[in-house]
1. Enter the accessible area of Leu71 (Å², nearest 10), with the probe set to 1.4 Å and all protein chains included.
2. Can you tell me the length gained on complete extension of the stretch Arg60 to Arg88, counting 0.36 nm per residue apart and subtracting the Cα distance?
3. Using a Förster distance of 30 Å, how high is the FRET efficiency between Ile78 and Ile51, based on the Cβ-Cβ distance and rounded to 0.05?
Amino acid sequence: MSPEAELPQSIDDIMASIRASLADDGPPVVPAQSAAARPPALPPVPSVADISASLDDVVRSMVGPMLQTWLDTHLPEIVERVTHEEIRRLTGRTD
C-alpha cells in the first residue's frame, strides 16, 4: 500500500479529528477543598480553542513545505494539461 493511500482526504479532515479528540478530553473532576487546603494557584490552563489554534499553526508549518514541494513538481504539468484541454474545447479540435 502506498503512503498516499493511507493519508486522510484533507488537512481539514485531520484538524477536525484532532479537535474532536481534544473536545472529548474534558478537564479532570477535582473534589471541592477549603481555601486553606488548596495548593497555590496554578497558571491558567489554555482553552481547547487556544490549543487547537496552536495545533493548527504547527500542522500548517509542517505541511506548508511539503505542499510547496508537491506544487513545484506537479503544477506545471497540471496547468499545461488543463490549458491544452481548454484550447481544444474552445477551438473544437479533437487532436
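1. 60
2. Numbers: separation 28, 0.36 × 28 = 10.08 nm, distance 3.78 nm.
Once the chain is fully extended between Arg60 and Arg88, it gains 6.3 nm.
3. Approximately 0.25, to the nearest 0.05.
The values are calculated or read from the model by the stated rules, or taken from the named source; none is laboratory data. Computed from a predicted model, the values in this text were never measured in an experiment. Neighbour counts run over all protein chains shown; Cβ positions are idealised from the backbone, glycine included. These area figures cover heavy atoms from the full protein model, side chains too; ligands, DNA and RNA do not enter into them. Shrake-Rupley method; radii C 1.70, N 1.55, O 1.52, S 1.80 Å.
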